[in-house]
Structures are given as structure tokens and as C-alpha cells.
2 protein chains.
Amino acid sequence: MEIRATYNEVCGKLAEITTLDEITGLLQWDQEVVMPRGAAPSRGRQCATLAVLRHQRATDARLGEQLEALHGHPELSQVEAANVREALRDWRREARMPADLVRRWGEAKVQAHEVWVDARAADDFALFAPALVELVELAKARAAAIDPDAPAYDVFIDAFEPGMTTARLTPLFDRLKDFLVPFIARVRADGMDQPCAWTHTPIPVADQTEVARHFITALGYSFDHGRVDTAVHPFCGGAGVTDVRITTRYKEDGFLGSMLAAIHEAGHALYEQGRDASLADQPVSRARSMGIHESQSILWEQQIARSRPFWQHWLPWLRGRYSHLADVSLDGFLFGINRVDFNNLIRVDADELTYPLHVTMRYEIERELLNGSLEVADVPDVWNAAMQRYLGVTPPSQADGALQDIHWSMGAFGYFPSYTLGALYAAQIHASLSRDLPDLDSQIAAGETEALRAWLRDKIHLKGSILETDLLCASATGAPLDPEPFIQYTTRKYSALYGL
Amino acid sequence: MEIRATYNEVCGKLAEITTLDEITGLLQWDQEVVMPRGAAPSRGRQCATLAVLRHQRATDARLGEQLEALHGHPELSQVEAANVREALRDWRREARMPADLVRRWGEAKVQAHEVWVDARAADDFALFAPALVELVELAKARAAAIDPDAPAYDVFIDAFEPGMTTARLTPLFDRLKDFLVPFIARVRADGMDQPCAWTHTPIPVADQTEVARHFITALGYSFDHGRVDTAVHPFCGGAGVTDVRITTRYKEDGFLGSMLAAIHEAGHALYEQGRDASLADQPVSRARSMGIHESQSILWEQQIARSRPFWQHWLPWLRGRYSHLADVSLDGFLFGINRVDFNNLIRVDADELTYPLHVTMRYEIERELLNGSLEVADVPDVWNAAMQRYLGVTPPSQADGALQDIHWSMGAFGYFPSYTLGALYAAQIHASLSRDLPDLDSQIAAGETEALRAWLRDKIHLKGSILETDLLCASATGAPLDPEPFIQYTTRKYSALYGL
């Protein structure tokens, strides 16, 4: 009885924190999409006020005591126990952080971001290096405050991928390298290229916007619980499960990228819209991890919207919209939408074959930075050597090299692995649902996505954070995280594409 | 020294409350303009959470003690003293309200609003009456909690017009009645009407939108600190002095009304954008009262955008946009934009001559309801009798009669007078600035609004709430609130218009 009352009281406190997060999400969406320029300073004050209110609640000592008392209590249901587990994890990560470190970290990030922008413009990593040194030192201190016994980098990874460790990631990335480096070299050397000038034909933004909305709708995105806008950076945000907003952007001479970016964000949005609304204000309903989140966007973007069945159905429709595709065959279209740009230096522009190698080298650099075996000053050389070793290219500038990503300037160490975990989970999930839905390809080729969506909703979205990641993966796919489905999928796809 | 520290601490607390209000403002704007329909329930939860947080801070006992200690302290500057005065006024109004009454009032308003919607649809005041009876009783209890010595209605008026009382308002409204009722009768009987079919010529919404943005820009509205959107209800809102957003709406066959509504909201927005940014997070920077706010929208809408000089400049431009105006003369246009619709029953559609009478009768009904001399059940009869007496028409239905306004269903007793106070202040301010800027008409006729805007900014906007309303009015116009400038202005304008 007392436990029940405590649990209910805790849920009220957690709901308040969730609500503050939703409000913050709305303010951020507004800032990216509709806010007038001159409102930036006051928006900063508004977000800071919410952050203080949230921090007070999230580190409340009484909440911590109540969560500790509830943790593992036999009277709680599975969902309730998971809710307490997630909330206690949040509480420990936040409450264990000394206020002084919170402040110094916040200041150092603002400072580092400004310096990074300048260093990138000046193409000079040395300008950024001192700020990065300070962030690395503070990051170690933060990690030690949360868990003094774990490697610092593990503590950061854990923020995005609960339970994931370098001990598991390193062999995964090594396996990917062992497969991808020689496979990409083979594709480059033996593959047949095709002319794809049509991929750069300029398309008016208004037409692209209509096409993007068409596909977002076809995927099953609910406009009753979200909206689609244009912003500089595509993202999925908003204010909770009933208000999931996505943004997209359009390049006149890159209609494929714009279309796929919209589909990618819609994949994220379907995860958020598919969460359990009855638990929406509790941590247990949250998306499980960044990697699982990325798996949902990648699955729709790669396994579905870059697949033959999908374009069997939609290419005739798209030709009706974009007359320059009249002479592009299905095979030609599939080649154009999947081809590898072997000279690409930029992670965000990478295809699904080279992307994991961009991530691998960042993973290796971050790991060495945080365990102390790599000096910040040596990052550019290590970066360029890895690019040459993994991808056969060397960046001609630091702006296109070690200064290209925003992540380190924001202190977001440990985030990169989630991109590739997402690709692995996506392939594994796709293999599993192809077993469960034997006619999936025919359905996609008929323009039907309902069964696919229902499967994802049932196996992933509704589960939220009830199951820890390994259990969620096993319950959805019958196996723990495994790189082999990704390797099989890419081998099959790119062998066919390049006629190997 | 100690007072200084206390004052600074208080300012921090007040800034937090202001910031919460800004965030709430953004959530409300979002809800009206861009929020997906299905997000309504979660938006309700978000607003309620902010309201609770705000209430806790606004009624904090220590804040009250500090404000009492600061109140009237000789070491405070004029601005600081005014800030304390405003904050203490807020604190008293909110902290003196028993929690039980807050809850019952909130519930009764939600209930009454639903009932009002139904009663209006059914055209049956009797359906609404019990809910209104309850609201009136609760309103009396609220007023008594705030100030047991003042008439209940005065306490409600004071929420929108600090310092205003029925003792001052009744003679004002009587003076207006004494002038307007016979004057309108004379206009109706002796005035010359003109055909105005062109006012209903359909104009595509896209064209009207461009025209509205043109005028909003010409008035000096800053798009760097605001934005203009379409919404069901035109309003001015947003998230503080650097983020002042207005909405407008367009009727295809009513381009004049749409244009003037946009200008009206821009007038409100200029007030908000013109506030003292260095004090933006303190109560002292706030717009002085609803009546002063309305004066700023009315001045731009009526004294400027319905004036001959304004259209001397802009009518040729508008003819270039709206070809159906080619044959409409300046005199004809001015008649069409100012003419009185003697059969109009609806306050929000009323012209500036009949509008004050719509307000007067509501003022009289509210006053009698709250002082107990009028029963709710008698409202429809009193309403219709007043309509006949003041405006010479009797509503054929209750939906167009005593059920037409949303205000009572929201418990917003005491709000109506602000509309007419705004019209009086606008005329008085316009008379004063016409003395200070002798060539104002020539400037307006040259399309120049800068000197006018600078005058308003200096005399009204920047002043915020530093001066109490009477002092603000006297410092801007040289005299306390006076209905005569309005009477002179309307006499002059409508005599010319109708050839009396």
C-alpha cells in the first residue's frame, strides 16, 4: 500500500519533468522553424529557466530516496519496475553531477562551439585544440562523477546507448572494418559505374516539398499528431507523443537527398508517434536509445525507400511528377539512389556502405581521447591517416577533415556510435520482419506499409523502454545485436548493384 | 545595502515569473497558429504545469515579505519603486486567493464555457443561466478575497485597468450615452448614404495577405522581433518584447475588415515591441493597462488608417492592387471604410460610433450583476431593452443578443470597459500628438509614420508601467482621462462623412 502511494507520487514528479521536456522541445522546434531572428537572446533565457526548473526536479533528493526504495520492489509490475529503473538511472546521472561541474561544462561547451565555428572557417584545427583539451578534461571529470569505476568513454556512450560499452563496441567496429574496407575496395575496383546525371537535374523546391509530403503520408505519418516544415537542419522534434514535428530541407539540384532526408525523419517520427500514449509522461515510454531510434529512420530510408520493391511501385508515380525521369529505368534509378561516392569526405553525405567507416574512425578517436592514449593535437593526423586507410581518400583541408562535425564542440562524445548501431539494428530488424512477413516485398511493391508499420509499432515503438536494449533486440529479432545481417544485406545489395 | 540586495533578489524572482509567462505565451501562440489538432490534450497538460509553477512563484510568502519591505522605501529609484508597486499588486491579488476558490473558479469557467457554446447553438439563454449564476457568485467571493472593502465589480475592473472604479466609469459612460444616442439618431435620420457595393467585392486571400503585410511593414512593425500569421482569431501574442507575434484572418468578401484587423493588431504589437527592452523581464516594463493597450491599436486603426491623409497617400497604391477600386473616389473610399451599419447587432462588427454603446450596456449589466441588483435570469430582457434604447434595434435571437460574447463564459467580468477606454485614450492621445506634431497630417499624407511612432514610443511604450494610468495619461496628453476629445473627434468626422 505504501509502495503504491510512493509509486504514484513518483509518477507525478516524473510527469512534471516529462512535461518540462516537452515544453523545451517546443521552444527548440520554434527556434529552428519559426522564431524571429531577434528573439534569440530571450529564447536563450526561456530555455535556461526551463533547464534550471528541470534540474531542480530531476535531482530532488526525496525523489532519489523514493526511487531507491522502489527499485527492485516485488510489488511493482514489469512496466512499473522498468519505469523506476529508467527514472533512477536518470536521477543518478544527474544528481551525482557536482553543480560546479555542471556550470563549467556548460560554459566550456558554449565557448568551444564558438571557437569551433571560427576554427572551421579558418580551416585551422590548432585554434580549436585548446577548447577541445578542456572539454576532454571536463568530460573525464563528469564521467568519474557518474561512475568512477567505468572507463570515461563508456559513461558517455551509456548516455545515448544504455548498457553499451567499448568492450562490446570495439569488436563490432572491427568486424565491420574487416568486411567493409576490402568490400568497398572491390566495389571501387571491379564494380560497373553508370551515368547518373539525372540525379542532379534541378527540381523546384515547391515540387520537392509536395513529393516529400506525399511520401511522408504514404509511410503512415499522422499529420493529426505532427507537422512538417522546412528548416536548415532536418530533425524530428516537437512536444511529446501527440505532437511529433519533423523538418526537412530541399536542395534544388539534389532531389534524391531531399526526399530521402524527409523519409528518414519520418522514420524517427513514426517511432515517436507509435509510443504508448497511456504512458507518454513517464520515462518507460521513451524511445529505447539513440541507436534504436536511428534504426527506425534508417530502416525506412535504406531498407524500404532505397529498395527495388518500393520503386517498383513509386517510380511510375514519380515519373509523373518529375518528367526528367521519363527515360530513367528502374535499374538506373536504383543505381542512382544507392551509388557510392568514393571521393566523398563528409560523414553526413555518405552512403550506407561507407558511413560505418566514418563512424568507426570517430569512435576510435573519441575512445583514445577519453582514455588518454591520444593527444588532442594529434587528432588531425590520426583523422587523415584513418580516412586514407579506411576510405582511400585524404581530406585536403581540416574543415573537411577533423573539424567537419559539430559533435565534439558540443561535448557530445559517445554519440557517433549510435549512427552505426542504428544501421546494424535496422538490418537485423529488417531481416527479422522479413521472416515474420514473408510477403513484405510484395506489400511494399503494392504500396502497402500497414503490416510493416504494425510490426514495428508492436515490436519496437510500443515497447518504449520497458525492455533494456539487448532484451528489446532479442524480443524483436530473436537474437542479440549482431553485425552479420548488415553485412549480408550490404553484400547482397551492392554486389547486385555493381554487378560483382 | 540590504535593501539593494533584497531588490536584486526580488528582480530575479520576478524575471523567472515573467519568463514563465513568455513561455506560456509561446505555447498559446503555437496552439492557435501551428499546433496539430491531436496535440490539444498534451498542450493542456503543458499549460497547466506552467500555471502551477507560476502560481507557486507568484504567491511565494517570502517574495510577499520582501515586496512589503521594499514598498515605499526611499532608497529605491522611481522605476524601482514602480516595479515594486506593480509586483506587490500582483502578489496581493494572487496570494490572497484561497486555493479552494482558485480551483472552483477554474472548474466553473471550463464548465460555463462548454455550456455557453451549447446554449448559443441552441439560442437559449436559460441553458447558460445556471452556469452564469455560479460564476457571478464565485466572482463575488473572489473579489471579497482580494479586497473586502471595494465593490466586487471594481475589483474585477482593476485587474484590467489598475485604479479604475465604477465611480469614475459610470459618469464617463453616461456622458458618452448622452452624446452618442442622439448623435447616432441624427446621423441615421439626416445623414446621406452612399452605395458601397465595392466593399464586398471578393479579393483572393493571397492578395489580401500581401496587402496586410505591406501595411504592417509601413506602420513600422519589426519582423526581426515578430511574425505575422493567419489564425481563426486575430490576436497579438508571442513570447516577450523581442518576440511579438500577430495573427490576422481574411474574409474574401470583406477586404476592408481584414486589412483593418491586421492594422489593429499591428498597433498592439508596436506597443509591445516598443517596451523598454532593458527592463523586459520586470513588471514595470509591462503595458500599462488593457485600455492603454487598446488605445494603441485603435489609434492606428481609427485615427490613422481610417483617415483622409492616410488614404490620400495609400489609395492610389491600393488601386494598383485591387483593380475594382479604380472608380472609387477618395471620398467614396473614406465613406465606405467609416460608414455606420445601423442594423448591426454584433459588438465585434461595430463601427467606432456605435461600439461604445455596445460596451456601455455590457458595463451596466455586469455592474448590476455583481452588485446584486440584477438577476441573471433577467439579463436577456435587459439586454434587448438596452439595444433598443441605445441603438434602435432589437436582436431577433439570443445568440445575437445576450449570448453573443465569450467574455462572461470565461469569467472575464470587467474586461468590456477597456475597449471603450481604449477609444477614449486613443482620441485624447491623437489630439495631443496632433498638437505636438502640427504637420502630422502632412506626414501621414506623405506615407511617413516615423515621428508618430517615435512620439508614441517615447510617451507611452517606453513608459511601460512606470507611471500609474492617470499620470501616464496626463504626462502624454497634459490632462487626465477625458471623453471630450473622443466626442469632438467623432462629431467632426461623422458630420463631415454624412454631410450633417
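The values are calculated or read from the model by the stated rules, or taken from the named source; none is laboratory data. Remember, predicted model here, so these are calculated numbers, not experimental data. Neighbour counts are summed over all protein chains in view; Cβ atoms, including those assigned to glycine, are modelled from backbone coordinates with ideal geometry. Side chains are part of the model used for accessible areas, which takes the heavy atoms of the whole protein and leaves out ligands, DNA and RNA. Shrake-Rupley method; radii C 1.70, N 1.55, O 1.52, S 1.80 Å.
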Given contacts defined as C-alpha pairs under 8 Å and at least six residues apart, what's the relative contact order of chain B, whole-number percent?
20
Once both axes come from the Cα atoms, what is the angle between helix A:61-70 and the longest principal axis of chain A, in degrees from 0 to 90, rounded to 10?
80
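In terms of solvent-accessible area of protein heavy atoms at a 1.4 angstrom probe, what is the ranking of B:Asp193, B:Asp405, B:Asp207, highest value first?
Sorted descending by solvent-accessible area, the residues read B:Asp193, B:Asp207, B:Asp405.
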At what distance in angstrom do the alpha carbon centres of region A:438-500 and region A:194-222 lie from each other?
24
Surface/4 of the Cα convex hull for region B:372-456, nm²:
9.0
Could you let me know the centre-to-centre spacing of region B:233-293 and region B:144-186, using Cα atoms, in angstrom?
25
Per residue of B:242-251, count partner chain C-beta atoms within 10 Å of its C-beta, then hand back the mean as an integer.
3
Label region A:448-490 by shape, choosing from rounded, prolate and oblate, from the square roots a ≥ b ≥ c of the eigenvalues of the Cα gyration tensor; if a/c is under 1.5 it is rounded, and otherwise prolate applies when a/b is larger than b/c, oblate when it is not.
oblate
At a threshold of 8 angstrom on Cα-Cα distance, excluding pairs fewer than six apart, so keeping six or more, what relative contact order does region B:238-318 reach in percent?
29
Quick check: at a probe of 1.4 Å, how many percent of the accessible area of the protein assembly as shown sits on carbon and sulfur atoms?
53
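Taking the solvent-accessible surface of protein heavy atoms with a 1.4 Å probe, what is the per residue accessible area of the protein assembly as shown in Å²?
Values: 39800 Å² over 1000 residues.
That works out to 40 Å² for each residue.
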Run the Debye formula on the Cα coordinates of region A:90-196, all scatterers equal and no solvent, and tell me log10 I(q)/I(0) at q = 0.10, 0.11, 0.16, 0.18 1/Å.
-0.50, -0.59, -0.89, -0.96
Could you compute how much accessible area chains A and B hide from each other, both sides summed, with a 1.4 Å probe? Nearest 100 Å² is fine.
2700
Quick one: how many Å² of B:His293 are accessible to a 1.4 Å probe, rounded to 10?
20
Overall Cα dimensions of region A:272-375, principal axis frame, Å, largest first:
55, 47, 18
B:Glu9 label points, 7 Å along Cα→Cβ, one per copy: pairwise distances from this copy to the rest in nm, shortest first?
2.9
Rounded to the nearest 500, what is the protein assembly as shown's calculated 222 nm mean residue ellipticity when only DSSP H runs of at least 4 contribute -39500 (n - 2.57) each, over all residues?
-20500 deg cm²/dmol
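How would A:Leu270, A:Leu279 rank on accessible area, largest to smallest, probe 1.4 Å?
The ranking, largest first, comes out as A:Leu279, A:Leu270.
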Please give every one of the lysines within straight-line cross-link reach of B:Lys140, meaning a C-alpha to C-alpha distance under 24 Å, and leave out same-chain neighbours fewer than 8 residues apart.
B:Lys109
Taking each residue in B:220-228, count the Cβ atoms of any other chain within 10 Å of its Cβ, then average. What number comes out?
2
With a 1.4 Å probe and all protein chains kept in place, how do A:His200, A:His430, A:His113 rank by accessible area, largest first?
A:His200, A:His113, A:His430
Find the relative contact order for region B:47-133 and round it to a whole percent, using C-alpha pairs within less than 8 Å whose residues are 6+ positions apart.
23
Assigned charges on the beta-carbon of Lys, Arg, Asp, Glu; the protein assembly as shown dipole about Cα centre (debye):
540
Quick shape check on region A:395-500: root eigenvalues a ≥ b ≥ c of the Cα gyration tensor, a/c under 1.5 is rounded, otherwise prolate if a/b tops b/c, else oblate, and it reads oblate
The alpha-carbon center of region A:318-345 and that of region B:381-408 are separated, in whole Å, by 67
List the extent of the Cα atoms of region B:1-157 along each of their three principal axes, largest first, rounded to whole Å.
64, 43, 25
Is there a simple number for the mean count of other chain Cβ atoms within 10 Å of the Cβ of residues in B:42-50, and what is it?
6
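Counting Lys and Arg as +1 and Asp and Glu as -1, what is the net charge of the other residues whose Cβ lies under 10 Å from the Cβ of B:Arg321?
-1
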Other residues with Cβ under 13 Å from the Cβ of A:Ile460 give, with Lys and Arg +1 and Asp and Glu -1, a net charge of +2
Any chymotrypsin sites (Phe, Trp or Tyr not before Pro) in region A:300-358 that lie in a DSSP loop and have at most 11 other Cβ atoms within 10 Å would be none
How much of B:Lys177 can a 1.4 Å solvent probe reach, expressed as accessible area in Å² and rounded to 10?
40
Per region A:38-119, sqrt(5λ) over the Cα gyration tensor eigenvalues, sorted largest first, in Å, gives 34, 14, 12
Here the net charge surrounding A:Ala143, from other residues whose Cβ is less than 10 Å away from its Cβ (Lys, Arg +1; Asp, Glu -1), is -1
Mind running the shape call on region A:151-221? Use the C-alpha gyration tensor, a ≥ b ≥ c as the square roots of the eigenvalues: rounded below 1.5 for a/c, prolate if a/b tops b/c, oblate otherwise.
oblate
